[in-house]
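The values are calculated or read from the model by the stated rules, or taken from the named source; none is laboratory data. These numbers come from a predicted model, not from an experiment. Ideal geometry is used to build each Cβ from the backbone, glycine not excepted, and the neighbour counts take in all protein chains shown. Note: areas computed on protein heavy atoms with side chains; ligands, DNA, RNA excluded. Shrake-Rupley method; radii C 1.70, N 1.55, O 1.52, S 1.80 Å.
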Amino acid sequence: MSKIDRRQLLTGAATLAGGIILAGATDAGRSARAAQMPRIYTREEWGALPPDTTATIIGPPDHLVVHHTASENTTDYSLDQAFALSQWIQDLHVGNGWGDSGQQLTISRGGYIMEGRNRTLEALDLGMNVYGVQTANHNSHTLGIENEGIYVDADPTQQLWDSLVTTLAWLCELYGLDPHEAIVGHRDYVATQCPGDVFYGRLPELRNDVADSLGLLARERTTPTVRSGLPKPSAPFDHGPALGARERRP
C-alpha cells in the first residue's frame, strides 16, 4: 500500500512506579544464563512510513508493560499478517496524533517480533528506551509490548507466548531488571481490560517462565485478582489509555 493510500486511511480513525533492579546485576547477582536478542523485524522490513515526529531517546525503563491489541484473534500466523498488523497500528496511532506507533515492540500471533516506535532499536542498542505512547502517565519510565489479539476469554497462541518470554528475558537482561517485579500489565497502571483477563491472569506464569529462561528462581504461581467491570475497547486496536492529560505530546 502506498504512503498516500495509507495516510488517507487515517481520516476518522478511532482513538483508542518504580521497578526493582536485579541486585548485583553486573557481577555475582547476574542471571545464570545470558539472554540473546531475539530476531526483531525492523521498521524498514515491515514497511513503516516516515514518522510525523522523531522519537526521543530516554533512560532505561523500570517496568515492561504487556498489552493486547484488542483486535481479532486471527488464525493467519504469517509474516505478511505480522507486517500488516504493524502497518495498521502505525496508521491508527498517527491518526490519534501520536506521531508514530506508540509502543516500542509488537508481537504477532504467529510469534513474529517487530520494532514499533521509531528509534526503538537504536535506543535498545544503547541500553536505553524511547519515549512512547502506550501507558498513560507512565510513558517516561516504561517500555510497552503490543501482543496481537484480544485475551479477555482466550489464551495467546504458543508462538506468541514463546516469543514474548524470549523478548522479556532479553529485556530484563539488557536493563538489569527482576522479571518478578518488572513485568506488569497495562491495567496495573490505568483502568482498562488490557491485556485481557486471561492474559493478565497468566502474568505470574509469564514472570516465572522468563525467570526460568534466565536461570533465576521461580516464585509461587499465585493467581492475581482479576478485576471485573474494567473499560472495554471502544474499537479494534483500542487497548485503553495510552497518553495522560499532563504528559508531553510526542
Consider Y77 carefully, then state whether it is crowded, with 18+ Cβ neighbours inside 10 Å and among the hydroxyl-bearing types (S, T, Y).
no
Scan of segment 82-94 for residues that are open to solvent by 20 Å² or more (accessible area, probe 1.4 Å) and within 16 Å of E44 (Cα to Cα), ordered by number
F83, A84, Q87, W88
Residue pairs qualifying under the 6 Å Cβ cut-off, at least six apart or on distinct chains, with the first in segment 57-85 being over 19 Å from L168 (Cβ atoms) and the second being modelled with pLDDT of 95 or more and open to solvent by 50 Å² or more (accessible area, probe 1.4 Å), are I57/M128; A70/I150; L79/Y112
Those residues of segment 165-216 which are touching a helix residue (DSSP H, G or I) at 6+ places or on another chain (Cβ under 9 Å), under 17 Å from N139 (Cβ atoms) and open to solvent by 20 Å² or more (accessible area, probe 1.4 Å) amount to Y175, D188
Scanning segment 120-140 residue by residue, those crowded, with 21+ Cβ neighbours inside 10 Å and either closer than 14 Å to T56 by Cβ or among the charged types (D, E, K, R) (or both) turn out to be T120, A123, N129, V130, G132, V133, N139
Residue count for segment 95-104, restricted to those that are surrounded by 23 or more Cβ atoms within 10 Å (Cβ to Cβ) and not aromatic (F, W, Y):
5
Here are some conditions: (1) in a strand (DSSP E or B); (2) of a type in the set (A, V, I, L, M); (3) at positive phi. M114 meets all but one. Which one does it not meet?
(3)
Filter segment 105-119 for residues that are among the polar types (S, T, N, Q) and under 16 Å from P156 (Cα atoms); which is surrounded by the most Cβ atoms within 10 Å (Cβ to Cβ)?
S108
